[in-house]
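Asker: Here's a structure for you.
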């Protein structure tokens, strides 16, 4: 695994091999990550990464959030409750020397609680496949004030996802066994 583009381009990230089934780690492949960011930057959304506040739920290795940081995001908050995942995320944050622009929360993404700060513009949602955790995490993020008005959500799953009530489905793509669903969060006052 490596950072694909931006200021950390080519940086090798901590490896988990083919994943860690016991820790539920299934890193997004470099190819899917590259396709995903190409879609975000060329899909008619403007540049949703540059200057964004990014929330990476079920962060795993932190590769999605750190890729966004490499490409110009202002801040990344990474959320994972796994011991192995948090260890890998800390190692990757250190490799990128990104301690000042990242936060790591040990938290269940389906029970985020109240956000005490500003909402996030870009949300990566990459739950363990087939466990119906993505919808729960998105509902938790919405009810806790983690989503900025009109936030862009990138949801990675093993099947296409439907937009929850109030969210707008913008795009859905398949890359091998990975389905990427892009949503727009509701506008808030």
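The values are calculated or read from the model by the stated rules, or taken from the named source; none is laboratory data. The model shown is predicted, which means the values in this text are computed figures rather than measured ones. Every residue, glycine as well, gets a Cβ built from its backbone with ideal geometry; the counts of neighbours run over all protein chains shown.
Asker: From the list 35, 87, which residue is farther than 17 Å from residue 149 by Cα, surrounded by fewer than 21 Cβ atoms within 10 Å (Cβ to Cβ) and free of Cβ contacts under 8 Å to residues at least 60 places away in the same chain?
Answerer: 87
Asker: Within the stretch 97-144, track down each residue that is over 14 Å from residue 155 (Cβ atoms), assigned to a helix (DSSP H, G or I) and in contact with a strand residue (DSSP E or B) (Cβ under 8 Å, 6 or more places away or on another chain).
Answerer: 101
Asker: Quickly run through the stretch 107-130 and pick out the residues that are free of Cβ contacts under 8 Å to residues at least 60 places away in the same chain and either within 15 Å of the chain's Cα centre (by Cα) or closer than 19 Å to residue 16 by Cα (or both).
Answerer: Of all residues in the stretch 107-130, those free of Cβ contacts under 8 Å to residues at least 60 places away in the same chain come to 107-117, 130.
Correct list: 107, 108, 109, 110, 112.
Asker: Right, something else. One residue is enough: does the stretch 75-83 have a residue meeting the conditions without any contact (Cβ under 8 Å) to a residue 40 or more places away in the chain and surrounded by fewer than 18 Cβ atoms within 10 Å (Cβ to Cβ)?
Answerer: The answer is yes; a qualifying residue exists.
Conditions tested, residue by residue: (1) closer than 16 Å to residue 174 by Cα; (2) touching a helix residue (DSSP H, G or I) at 6+ places or on another chain (Cβ under 8 Å); (3) modelled with pLDDT under 95.
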residue	(1), (2), (3)
123	no, yes, no
126	yes, yes, yes
132	no, no, yes
137	no, no, no
141	no, no, no
150	no, no, yes
154	yes, yes, no
157	yes, yes, yes
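Asker: Would you check which residues across the stretch 161-184 are outside any strand (DSSP E or B) and within 19 Å of residue 64 (Cβ to Cβ) and list them? Spell out how you get there, then give the answer.
Answerer: Step one: filter the stretch 161-184 for residues outside any strand (DSSP E or B), giving 161-167, 176-177.
The answer is 161, 176, 177.
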